[in-house]
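The values are calculated or read from the model by the stated rules, or taken from the named source; none is laboratory data. Source: prediction; values computed, not measured. Methodologically, a virtual Cβ is constructed for each residue, glycine included, from the backbone with ideal geometry; neighbour enumeration extends over all protein chains shown. We work out accessible area using only protein heavy atoms, side chains counted, and drop any ligands, DNA or RNA first. Shrake-Rupley method; radii C 1.70, N 1.55, O 1.52, S 1.80 Å.
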Amino acid sequence: MISPSVDAEGLYRIAQTPHVLDDEALMALGEHPNCYPELRSWAFAQLGQLHSGNITPPPPPPVEKPRRTGKAAHPRPARTRNAKSVQRGPRRRNPARRAALISGSLALVVLAGAVTAVSVIRNTSSQDAAPLPTQEAAQQADPGSTEAPNSASARPTNTQRLRAAGESFDCAAYGNAVQCSGSNRNGALGLGDDKAPGPSEIKFDGEVTDLVAGVHFACATDGLGVTCWGNNKWRQTGQKDGASVTPAEVAALADKPVQHLWAGESHTCASSNDEVWCWGSNNVGQVGNGQSGDPMEPTKVDFGSSAKVTDLYGSRFTTCAVREGHDKPWCWGSNLGGVIDSENDAEVLRPTPRRP
């Protein structure tokens with residue numbers, strides 16, 4: 001989790017922690033409101049380089065020069081305080097609090113004012129914990145290290161404990177059930193009533209294989225189809241009607257094999273073999289249908305050629321797909337800072353190989 005309260009020094013420390021860095025983390029660093037220009041440029045430059053090991057050290061925060069005034073510097077006498085006052089020692093920063101921002105699997109929550117962006121959490125058990133860069137091939141942009149998607153006739157087996165965090169709520173998958181707790185704003189817990197207390201439990205036919213969350217919504221799959229619940233203002237749950245919804249299947253993906261899910265702030269994408277389907281907010285083209293504007297119902301993303309999708313990742317308003325036979329991820333949506341196309345910062349409305 002990267003909180004908006006993290007300052008430049010905290011972002012620098014995160015950038016110095018190799019085992020938690022992946023493309024998703026780099027994008028979150030670059031988009032953080034407190035990220036200084038040198039670190040932002042560094043973060044975007046490292047995208048797609050993690051798997052090769054060609055990572056350069058991050059630049060430290062700039063040192064602020066003390067302001068000079070025309071007045072002579074005369075020491076002021078120390079003020080005395082009454083006996084009821086307690087003298088405070090130097091303020092200490094708590095490294096444990098900052099360390100809590102980073103877990104074995106990274107959940108990126110980027111808050112900008114009242115806007116929250118949520119990324120997926122995939123937590124391994126303590127027995128098989130490993131650094132993130134070797135677990136998530138999509139975040140490494142290395143299609144050769146991911147497993148091939150499962151066939152349509154078989155449900156994948158989940159060997160990881162899946163978790164997803166939204167704004168003031170979180171969900172975890174246990175076998176064929178997803179349990180959610182925390183705030184139920186906009187029906188984020190899947191209970192239908194905003195005032196209904198949690199926790200909640202959503203049952204699936206098979207073992208849950210992927211789980212993602214946006215600001216006030218979540219989606220999960222057991223390998224066949226996708227079920228979403230919560231805030232549907234921008235159709236991010238895949239439903240045409242309703243401000244918020246109880247768990248409902250996304251009709252366009254009913255009975256389709258689904259390998260990977262991705263949720264941005266208010267949009268969702270799912271991969272089904274060589275297809276990617278996206279829906280929800282499309283204000284900067286994050287649905288990938290060639291245009292930006294109104295929220296979209298589930299739409300098939302057109303890559304122009306066929307190739308199995310081995311994973312999905314992204315940021316608040318960007319989605320990227322890792323495809324077999326392609327050495328670079330294909331991305332669309334927000335191009336802030338040239339994260340997709342370094343030659344400009346215009347919105348990318350159709351899937352485009354990332355150009356560093």
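For the range 271-295, the set of residues classified as under 20 Å from Ala213 (Cβ atoms) and open to solvent by 30 Å² or more (accessible area, probe 1.4 Å) consists of Trp277, Asn283, Pro295, listed by residue number. Could you tell me whether Ser281 is more than 18 Å from Ala346 (Cα to Cα), among the hydroxyl-bearing types (Ser, Thr, Tyr) and not in a loop (DSSP other than H, G, I, E, B)? Spelling it out, it is not the case that Ser281 is more than 18 Å from Ala346 (Cα to Cα), among the hydroxyl-bearing types (Ser, Thr, Tyr) and not in a loop (DSSP other than H, G, I, E, B).
If you go through the range 318-341 and keep only what is under 17 Å from Ala28 (Cα atoms) and open to solvent by 60 Å² or more (accessible area, probe 1.4 Å), you end up with just Leu336. For beta carbons closer than 7 Å, sequence separation of 6+ or different chains, a first residue in the range 293-312 that is among the aliphatic types (A, V, I, L, M) and a second that is open to solvent by 40 Å² or more (accessible area, probe 1.4 Å) and outside any strand (DSSP E or B), the qualifying pairs are Met296/Arg235; Ala307/Asp274; Ala307/Glu324; Ala307/Gly325; Ala307/His326; Val309/Asp274.
Taken over the range 204-240, residues that are open to solvent by less than 10 Å² (accessible area, probe 1.4 Å), farther than 27 Å from Ser292 by Cβ, of a type in the set (A, V, I, L, M, F, W, C) and assigned to a loop (DSSP other than H, G, I, E, B) amount to 1. Taken together, Thr310, Thr268 contain a single residue that is part of a strand (DSSP E or B), open to solvent by less than 40 Å² (accessible area, probe 1.4 Å) and at pLDDT 95 or above, which is Thr268.
Does Ser315 satisfy the criteria of being crowded, with 18+ Cβ neighbours inside 10 Å, within 25 Å of His32 (Cβ to Cβ) and either charged (D, E, K, R) or without any contact (Cβ under 8 Å) to a residue 60 or more places away in the chain (or both)? No, not satisfied. For Lys256, the conditions (1) surrounded by 23 or more Cβ atoms within 10 Å (Cβ to Cβ); (2) over 21 Å from the mean Cα position of the chain (by Cα) all hold with the exception of (1). The set of residues from the range 19-39 being open to solvent by 50 Å² or more (accessible area, probe 1.4 Å) and in contact with a helix residue (DSSP H, G or I) (Cβ under 8 Å, 6 or more places away or on another chain) comprises His19, Asn34.
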